[in-house]
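The values are calculated or read from the model by the stated rules, or taken from the named source; none is laboratory data. Computed from a predicted model, the values in this text were never measured in an experiment. As a convention, Cβ positions derive from the backbone with ideal geometry for all residues, glycine included, and neighbour counts pool all protein chains shown.
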Amino acid sequence: MEYQIVKATEADREEILSLYRMQIGREFCPWDEHYPSNETIDYDLDRDSLFVLRSDGKIKAAISLEYDEAVEELTCWDKNLEPEGELARLAVLPDEQNKGYARIMLKFGMEELVRRGYNGIHFLVNKYNIKAIRSYEVFGFNKVGECHMYDQDYICYEKKL
């Protein structure tokens, strides 16, 4: 499988938005017609925080380095790991799932956080999304808490980078 992961550009906007829209209605996906949006893409592009995996000239996956104040304020995070980064909006084309792209993107995202000077990583996963939870376990993330946000129940995961 030949691919490259690059920082997204304005030229990628429509393809990324389409990728996001394909996730709507998938089990455990809280996304809807309002989120993620063009404004979300603007936010990520402005911070050089949106990356895409391309293969055969097509975007097959995307991931963002996130900053969400509500998530940052959760009390379960280990202060000894600060500064911590967050990965979000991981999306893979539906017909390309189960080919390892999500894990490739997670690994890249963690490496990018290290390049940017972060000591740790944390994020939320829907409590019932067993498939995603298994993917994170491969990387040795620790379950550090649970919360209810954005109308869903989440497990809080964290690890040292």
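Annotations
- Scanning segment 137-155 for residues that are touching a Lys or Arg at 6+ places or on another chain (Cβ under 7 Å), surrounded by 14 or more Cβ atoms within 10 Å (Cβ to Cβ) and hydrophobic (A, V, I, L, M, F, W, C) yields a count of 2.
- Number of the exception - R103 against (1) surrounded by fewer than 17 Cβ atoms within 10 Å (Cβ to Cβ); (2) not in a helix (DSSP H, G or I): (2)
- Segment 111-132, subset surrounded by fewer than 17 Cβ atoms within 10 Å (Cβ to Cβ) and under 19 Å from W77 (Cβ atoms), residue modelled with the lowest pLDDT: K127
- Residue pairs meeting the criteria (Cβ under 7 Å; at least 6 apart or on separate chains; first under 11 Å from C76 (Cα atoms), in segment 149-161; second charged (D, E, K, R) and loosely packed, with under 14 Cβ neighbours inside 10 Å): I155/E146; C156/E146
- Criterion (in contact with a strand residue (DSSP E or B) (Cβ under 8 Å, 6 or more places away or on another chain), of a type in the set (D, E) and over 21 Å from R21 (Cα atoms)) met by exactly one of E112, E137: E112
- In segment 41-86, the residues that are over 13 Å from the mean Cα position of the chain (by Cα) and hydroxyl-bearing (S, T, Y): Y43, S55, T75
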